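Since the structure comes first, as structure tokens, the remarks are kept for the end.
The values are calculated or read from the model by the stated rules, or taken from the named source; none is laboratory data. Keep in mind that this is a model prediction, so the values were computed, not measured. Note that each Cβ is placed from the backbone with ideal geometry, even for glycine, and that neighbours are counted across all protein chains shown. The accessibility values were calculated without ligands, DNA or RNA, using every heavy atom of the protein model including side chains. Shrake-Rupley method; radii C 1.70, N 1.55, O 1.52, S 1.80 Å.
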Amino acid sequence: MQRPGADKENMEMSDFLCDFCRTPWDGTFAMVEGHQGSLICQDCMTIAYDTLVTQKQSTAPAGAKCTMCLEERDDATWQSPAYEDAVICKRCCKQGAGRLHKDPDVEWSKPPQ
Ligand SMILES: [Zn+2]
Ligand SMILES: [Zn+2]
């Protein structure tokens, strides 16, 4: 997400926040972008992936809309423990994790199964 009130003509790195933990970006960690500027950082991705893929759990209420793809998914979905409007579905989680995993500039790999 973009920091509320950020100057859209003059965006700085710290104006981009992870939707799931609201940590401002400082360029030292990777983020995956979804629709409408939604972002998930690599640390939240680790937790989401572990919950959805490894443990096969769903933490969001049924019918919750995914923040990343803006769809209501029947898939398992992970809800941020800190911000309940931040939800990622399993599909977006797997796609994003695949992207981070393959990116040679990112030191992130899928958590071990
Ligand atoms: Zn985060
Ligand atoms: Zn999604």
Condition check for R91: farther than 21 Å from Q2 by Cα, at pLDDT below 95, of a type in the set (D, E, K, R) and crowded, with 16+ Cβ neighbours inside 10 Å: no
Residues that are under 14 Å from H101 (Cα atoms), open to solvent by 40 Å² or more (accessible area, probe 1.4 Å) and free of Cβ contacts under 8 Å to residues at least 40 places away in the same chain, drawn from region 32-60: D43
Filter result (of a type outside the set (K, R), open to solvent by 20 Å² or more (accessible area, probe 1.4 Å) and closer than 18 Å to E84 by Cα) within region 1-18: M1, Q2, P4
